[in-house]
Amino acid sequence: MKLIEADGLSVAYRGHNVLQNVDFAIEAGEIVTVVGPNGSGKSTLMRALIGALRCEGTIRRKSDLRLGYVPQRLMIDAALPMTVNRFLDLPHKSSKAAKTRALKEAGGEHLAKRQMGQLSGGQFQRALLARALLNDPELLILDEPTQGLDQPGSAAFYQQIENIRNRRGCAVLMVSHELHVVMSASDRVICINGHVCCQGRPDVVAQAEEYRALFGTGTKGALALYRHEHSHAHHDRAADVPHLHHKDECTHDHV
Amino acid sequence: MFRISTIKTSAHTTMFDDFLMRAALGGVGVALAAGPLGCFVVWRRMAYFGDATAHAAILGVALSLALSLPVFVGALIIALIMAGLVLTLTGRGLTEDTLLGVLAHASLAFGLVAVSFVPSARLDLGAYLFGEILAVSKADLGVIWGGALLVIGLLIWRWQKLLSATLSPDLAWASGFNPDREKLVLTLALAIVVAVAIKVVGVLLISAMLIIPAAAARRFAPTPEIMAVLAAVIGGVSALGGLQAAFVFDTPAGPSMVVTAAVIFCFSLILGRKRD
C-alpha cells in the first residue's frame, strides 16, 4: 500500500527549478533514504511531501495518513521558554504516560523537564523524534536528522530509527548525506539531484564496485556526491568515470 | 457650613474616583491583551512589525477625524491595511528589517502630515501620540475591553496552532494546518490592540506595552503559557503603577506606564534566574 505518491513533481523557487519531474512513492513499512549533494532538492522534496510548498504535479496521500515529521532545523527563539514536555504537546496534547513512552522510545527519557534551548544537538533531535512519534505515525519523515551529530552519534540514531520501524511497522523516509551510515538501515536509497538520478536496494548498490569505490569510507562518500553532481553528461554511463548508477536501478532518461 | 463642605467633598471625590477608575480600567484592559500578544511579537521577532502597524494608526486617526468616524474604526482599518502591506511586500528583494524600517517611519510621517490637514486633530496631536488615559470615557472603556477580550479569546482559541506555527511553519504544515493563517490571526490581533490602545498609551508607545512586559516575564517563565500570563500581570501592574506615579509626580500617564514596565524589566534582569 502506498502511503504517499508523487507524480511529475516539480518545484520552482524564484524562477529556479529546484525539483523537476520527480516520481516518488513510499510503501507502508519501508525505510527509504534520499541522498544527494547540497542544493539537490532533498529538503525541498520533503517539504513538498508534507504540503509546505506550492508545486506542480500531483501528490496523493493515503487518506488520513498519520505523519510524523522531524524537521531539519528548528530554531527556538531564546525568548520562547519551552520545556520538552510542553513541546511534545504541540500541536496536539498527549497524556503524560504517552509522552513518557515516546521520549523513552526516542532515547530521551530523562529530558522531559529540560528546556529545549539547553539541549545538546543529539538530545534535541530525540525530543523532535519523540514529538513525531506521539502521532503514532504511519510515515515518519526525517530531514537530515543527524546534522550536527558525530559519526557514532549518527550511527546510534539510525539504529534507533530502525528499531522504531521494526517495533511499530511505520514507514520511514529520511534525508541524509551520510550514505555510508544510512545504507545498512535502508530498504531503498534514492539519489536525487534536481531529479531522481537513481534508486535501488542498498545491498544491490553496496555490492557494486562503483559503490565501494565511491562510498566505502567517510570523506570519499562526500566527495563522490559532489562528483555525482558534476557528472550529469550521462552518455558515458558505462565508461571510465566511476558512478553510483547501477544499470537496473536508473529510472530517468539520461540525456 | 459643615453640610455644604461635606457635599462638596463627596461630589469632588466621586468624580475624581470615577475618571481615575476609568483610566485604571482602560490601562489594565489594554495590558491584559497586549501582554500575551506581545509574547508572540517577541517570540516571532515582530517588534518592528508592531511599530509599523502602530505608527500607521496615526494615519487612521487623521482619516477618522476627517470622516467623523470613531478613532478606533479608522485606526483599525489603517492598521490592518498596513499589516497586509507588510505581509505582501516582504520577500521582494529587501530584507524584512529594512522594509519594516521604511514602512514604520514613513507611515508615521504620512500620518503626521495627514493630521496637519485636520484642524481638530492638530490641536491635540499629543493625545494621539502619547495617549490620554485620563480622558477615557465609558464608551472608550467599552471599546477597549471589547477589543481586549476579543484578542484574548482569539489567542486562547488558536493557542496551540499559533505556538506550533511560531516554532516552525513546517511543523504546522506537517500537522495539516496552514501557518500563514495563524500569522493572519496574529496580524488581526495586533491591529485590534493598536486600535484600542491609542487612547491609553498613544501610537508611539504601543509597541512598548507589547514588548516590555513580555520581555520582563521571560526570565520567570518555564513555559509559554506562564510567560503569557505573567506578561499580562506585569502589564497590568505597570498600568496601575504608572497611573499612580503620574498622579503623584504629575507626569504624563502613558509614558509613566511604560517607564514602570521598563523598571520592572530591569528588576527582572536582576532577580530572574536565567534558565538557559
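The values are calculated or read from the model by the stated rules, or taken from the named source; none is laboratory data. Keep in mind it's a predicted model, so treat the numbers as computed, not measured. Positions of Cβ are backbone-derived with ideal geometry, glycine not excepted, and every protein chain shown enters the neighbour counts.
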Problem set entry | Conditions (1) of a type in the set (A, V, I, L, M); (2) in contact (Cβ under 8 Å) with a residue 40 or more places away in the chain; (3) within 17 Å of B:Thr260 (Cβ to Cβ); number of the one not met by B:Val203 | (3)
For this session: Just one of (1) β-branched (Val, Ile, Thr); (2) under 24 Å from B:Ala165 (Cα atoms); (3) away from chain A (no Cβ under 14 Å) trips up B:Val237, so point out which.
Result: (2)
Exercise. Only one of these conditions is not met by A:Glu229: (1) at pLDDT 75 or above; (2) in a helix (DSSP H, G or I). Which number is it?
Worked result: (1)
Exercise. With (1) in contact (Cβ under 8 Å) with a residue 12 or more places away in the chain; (2) closer than 28 Å to B:Gly60 by Cβ; (3) within 14 Å of chain A (Cβ to nearest Cβ) as the list, and B:Ala253 as the residue in question, which single condition is left unmet?
Worked result: (3)
Seminar exercise, completed: Those residues of the stretch A:166-199 which are at pLDDT 80 or above, charged (D, E, K, R) and under 14 Å from the mean Cα position of the chain (by Cα) amount to A:Asp187, A:Arg188
Seminar exercise, completed: Scanning the stretch B:211-226 for residues that are among the hydrophobic types (A, V, I, L, M, F, W, C) and over 17 Å from the mean Cα position of the chain (by Cα), the one nearest to A:Pro81 (Cα to Cα) turns out to be B:Ala221
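Here is a yes/no grid of residues against (1) crowded, with 20+ Cβ neighbours inside 10 Å; (2) within 14 Å of chain B (Cβ to nearest Cβ); (3) among the charged types (D, E, K, R):
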{"residue": "A:Asp150", "(1), (2), (3)": "no, no, yes"}
{"residue": "A:Gln160", "(1), (2), (3)": "no, no, no"}
{"residue": "A:Asn163", "(1), (2), (3)": "no, no, no"}
{"residue": "A:Arg167", "(1), (2), (3)": "no, no, yes"}
{"residue": "A:Ala171", "(1), (2), (3)": "yes, no, no"}
{"residue": "A:Gly194", "(1), (2), (3)": "yes, no, no"}
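Determine, yes or no, whether B:Leu149 is surrounded by fewer than 21 Cβ atoms within 10 Å (Cβ to Cβ) and farther than 16 Å from B:Lys199 by Cβ. Explain how you work it out, then say what you get.
Working: surrounded by fewer than 21 Cβ atoms within 10 Å (Cβ to Cβ): yes; farther than 16 Å from B:Lys199 by Cβ: yes.
It is true that B:Leu149 is surrounded by fewer than 21 Cβ atoms within 10 Å (Cβ to Cβ) and farther than 16 Å from B:Lys199 by Cβ.
Hey, can you tell me all the residues within the stretch B:256-276 that are away from chain A (no Cβ under 14 Å) and of a type in the set (S, T, N, Q)? If you could, list the steps in order and put the result at the bottom.
The initial filter retains those residues of the stretch B:256-276 that are away from chain A (no Cβ under 14 Å), namely B:256-264, B:266-267, B:270-271.
Scanning the stretch B:256-276 gives B:Ser256, B:Thr260.
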For this session: Test B:Arg219 against the criterion of being away from chain A (no Cβ under 11 Å), surrounded by fewer than 23 Cβ atoms within 10 Å (Cβ to Cβ) and not aromatic (Phe, Trp, Tyr), and give yes or no.
Result: no
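Can you say whether B:Ala231 is within 14 Å of another protein chain (Cβ to nearest Cβ), within 25 Å of B:Val136 (Cβ to Cβ), at pLDDT 95 or above and crowded, with 24+ Cβ neighbours inside 10 Å, as far as the supplied structure shows? Step through it out loud before you land on a result.
Working: within 14 Å of another protein chain (Cβ to nearest Cβ): yes; within 25 Å of B:Val136 (Cβ to Cβ): yes; at pLDDT 95 or above: yes; crowded, with 24+ Cβ neighbours inside 10 Å: yes.
Taking the combined requirement at face value, the residue satisfies it.
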For this session: Would you check if there is a residue in the stretch B:218-226 being modelled with pLDDT of 95 or more, closer than 20 Å to B:Ala262 by Cα and not polar (S, T, N, Q)?
Result: yes
Exercise. Do you know which residues across the stretch B:38-49 are crowded, with 24+ Cβ neighbours inside 10 Å, within 14 Å of another protein chain (Cβ to nearest Cβ) and more than 12 Å from B:Thr166 (Cβ to Cβ)?
Worked result: B:Gly38
For this session: Keeping to the stretch B:83-114, report how many residues are of a type outside the set (Asp, Glu), surrounded by fewer than 19 Cβ atoms within 10 Å (Cβ to Cβ) and within 22 Å of B:Leu188 (Cβ to Cβ).
Result: 7
